[in-house]
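These notes are about the structure you will find just below.
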Amino acid sequence: MHLQIANLCKSFGYGAQRKEVLRNVSFDVNAGEFVALVGSSGSGKSTVMRLIAGLDSPSSGVVSLDGRPITGPGSDRGMVFQKYSLYPWLTAAQNVAFGMELQRRSRQEIRERTAYFLEVVGLADSARRLPRELSGGMQQRVAIARALAAEPKLLLLDEPFGALDIQIRESMQEFLYHLWQRTGLTALLITHDLEEALLLAGQVHIMAPSPGRIVRSVAVDLDRSAMGQLRLSRPFLDLREELAQCLRGLEPALPT
Amino acid sequence: MPAFRRLIRHPWALGILGIGIVLLLWFLIAASGTVNKLFLPSPQAVWQAGQQQWSSGLLLKDAAASIQRVFIGFALSAGLALPVGIAMGTNVVICRLLEPLMGLIRYMPAPAFIPLLIIYFGLEELPKVLLIFIGTFFFNTLMIMDAVKFVPRELVETALTLGGRGLPILTRVVAPFIAPQVLDTYRINMASAWNLVIVAELVAATEGLGKRISLAQRFLKTDEIFMGLIVIGLIGLVIDLGFRALMRRACAWAT
Ligand SMILES: Nc1ncnc2c1ncn2[C@@H]1O[C@H](COP(=O)(O)OP(=O)(O)OP(=O)(O)O)[C@@H](O)[C@H]1O
Ligand SMILES: [Mg+2]
């Protein structure tokens, strides 16, 4: 698996209303990597994600997966949205099975994989509950299980924990990290939370707004054997401070 | 006293009480003789008129005729409104083409079409069924279109990223999401269908609940008019409750 993004540009609208949202965005994601895009609101992170998912098409530039340009959405790129996107009329298990049914897998396989992925996200007990009976964190775990069950080459996560409160968010971050370790998936995470990006990703790209572009890319090489301590460790805090300064430098000065 | 409290807490208790109070007032006013019997027949007289029409088979025949018209007209309307509404809700071109037209026709009062329908199709069943169709189709379509437009984008896009394409998106995402609103739309517009069938029968019919009422008026039989009104109301209520029950069973997630 190799995702290549080269000189990606995107504008919305025409004429005087034309708005340049992305300018020359380039980066790569290789098999097994965990990559994060960090940027303030409006810096075009979701737009990048939608272009990779094939839900929008670029104005210019290349998005290609294993050498083939992306022309539309497909099950090789699974997506988890910020807003809860479970089907409210389906139970947790039916939601997880949904993608596999669209793919016309055999019943036997669907049943086994559904049980397996519910187990993976720790929700085997909630298989028969409707989304409205699940907490926000549980709903996002179902959404992740649903995306994984469809066997994507690349998992796209657009601020998946953005709507969760801080404690649940921290436990979800650890959950996601361990899931990545365990399953060897390839993930691209979007977040405006620098700490989240540094905790999870091996590669972090920082985006600046108007127009959206990558201003800095860092390889994050931290000892992640103990997540809880990592948050407080010196190298982590130093790196976070350094990048936070970079992000602050991008904010337009507020009138005083 | 606790028994009474439990009774009053039943969801239907107050509704039944309200109906009971009106019935009682009706009975008392009629019994007091202050209002001319011609204007306000007593509940007993109305009940008797009902029994008479029931035993002669007239009531059943009238009700069947009206129900049949409503069901055929409304089934056509509902059945056609579903695909058209979904097409308008999902396709911008179709929507821009049809929405102004439908918005315009929707505001033309359906009963105003009766003279035309009679000229075109005579006095048989067809014009009555068509009246119900005209009177409900545009509302059904536009309300279904709105329901489709409110399908959250994420739900459709999730299906796309899971490998869904084309028709399954419609049947597995759009259809289940709009089902509760569609049922509610049908329930609401069914009431107009009942209004229209009675109007059509008042104008021209040989049988039907509306026809019976207009005949009763000719002979000043207010008890039969009351009876007709109550029967129409009861049938409407039963249909309404039927739709609600269907909704509870089929769309439990939305209630
Ligand atoms: N379909 C669209 N039409 C017009 N403008 C758009 C469209 N989609 C996004 N934009 C604009 O592009 C810019 C970037 O949007 P995007 O959603 O990618 O930002 P983001 O980095 O994901 O922000 P957030 O953190 O708030 O989610 C915004 O200014 C937005 O108004
Ligand atoms: Mg976004």
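The values are calculated or read from the model by the stated rules, or taken from the named source; none is laboratory data. If you're wondering where the values come from, they're calculated on a predicted model, not measured in any experiment. For neighbour counting, all protein chains shown are included, and Cβ atoms are generated from backbone atoms with ideal geometry for every residue, glycine included. Each accessible area value is taken on the protein alone, full model and side chains, heavy atoms only, with ligands, DNA and RNA left out. Shrake-Rupley method; radii C 1.70, N 1.55, O 1.52, S 1.80 Å.
Think of a 1.4 Å ball rolled over the protein heavy atoms: region A:1-133 then has 48 Å² of accessible area per residue. With every protein chain in place and a 1.4 angstrom probe, the accessible-area ranking of B:Ser56, B:Ser42, largest first, reads B:Ser56, B:Ser42.
Inverting the pair-averaged 1/r between distinct Cα atoms of region A:13-143 gives 17.3 Å as its Kirkwood hydrodynamic radius.
For the segment B:148-160, counting C-beta atoms of other chains within 10 Å of every residue's C-beta and taking the mean gives 5. Overall, the accessible surface of region A:62-114 at a probe of 1.4 angstrom is composed of carbon and sulfur to the extent of 47 percent. Shielding by partners for peptide A:73-81, expressed as the average number of C-beta atoms from other protein chains within 10 Å of each residue's C-beta, is 5. Taking chain B as a Gaussian network of alpha-carbon nodes connected by springs under 10 Å, the highest mean-square fluctuation of the residues B:Leu241, B:Leu80, B:Leu23 belongs to B:Leu23. When B:Ile188, A:Ile52, B:Ile86 are compared by accessible surface with a 1.4 Å probe, the order from highest to lowest is B:Ile188, B:Ile86, A:Ile52. Counting only alpha carbon atoms, the long axis of helix A:234-250 and the longest principal axis of chain A meet at about 60°.
Taking the Cα atoms only, what angle lies between the long axis of helix A:166-183 and the longest principal axis of chain A, rounded to 10 degrees? Approximately 70 degrees, to the nearest ten. On chain B, 71 percent of the accessible area sits on carbon and sulfur atoms, based on a 1.4 Å probe.
Taking 1.306 mPa s as the viscosity and 10 °C as the temperature, the Stokes-Einstein diffusion coefficient of the protein assembly as shown based on its alpha-carbon Kirkwood radius rounds to 57 µm²/s. Rounded to the nearest 100, the interface formed by chains B and A buries 2000 square angstrom of accessible surface, both chains summed, with a 1.4 Å probe.
Solvent-accessible surface, computed for protein heavy atoms with a probe of 1.4 Å, shrinks by 40 Å² or more for the following residues of region B:166-207 when the other protein chains are added to the isolated chain: B:Arg172.
Using a probe radius of 1.4 angstrom, the carbon and sulfur fraction of the accessible surface of region A:150-190 is 47%.
Compared with the dominant Cα axis of chain A, that is its longest principal axis, helix A:136-149 is turned about 80°.
Partner shielding of A:92-104 amounts to 3, given as the average count of beta-carbon atoms from other chains within 10 Å of each residue beta-carbon.
Across region B:178-244 the C-alpha pair distances fall into 5 Å bins from zero in the proportions 4, 17, 22, 20, 15, 10, 7, 4, 1, 0 percent. Result for chain A in a Gaussian network model with C-alpha springs under 10 Å: among A:Arg240, A:Arg182, A:Arg146, the largest mean-square fluctuation is at A:Arg182. Among the listed pairs A:Lys10/B:Lys149; B:Lys149/B:Lys211; B:Lys128/B:Lys149; B:Lys37/B:Lys128, those whose Cα-Cα separation exceeds 30 Å are B:Lys149/B:Lys211; B:Lys128/B:Lys149; B:Lys37/B:Lys128. Of the residues B:Met143, B:Met108, A:Met100, the one with the largest accessible area comes first in the ranking B:Met108, B:Met143, A:Met100, computed with a 1.4 Å probe on protein heavy atoms. Accessible surface calculations at 1.4 Å, restricted to protein heavy atoms, place region B:67-120 at 60 Å² per residue.
Each of the chymotrypsin sites (Phe, Trp or Tyr not before Pro) that DSSP puts in a loop and that has at most 14 other Cβ atoms within 10 Å breaks chain B; the longest unbroken stretch is B:151-218.
With no solvent and one point per C-alpha, what does the Debye sum give as log10 I(q)/I(0) for region B:106-220 at q = 0.13 Å⁻¹? Debye output, listed in q order: -0.64. With springs connecting C-alpha atoms under 10 Å apart, model chain A as a Gaussian network and identify which of A:Val62, A:Val29, A:Val218 has the largest mean-square fluctuation. With Cα springs under 10 Å in chain A, the top fluctuation among A:Val62, A:Val29, A:Val218 is at A:Val218.
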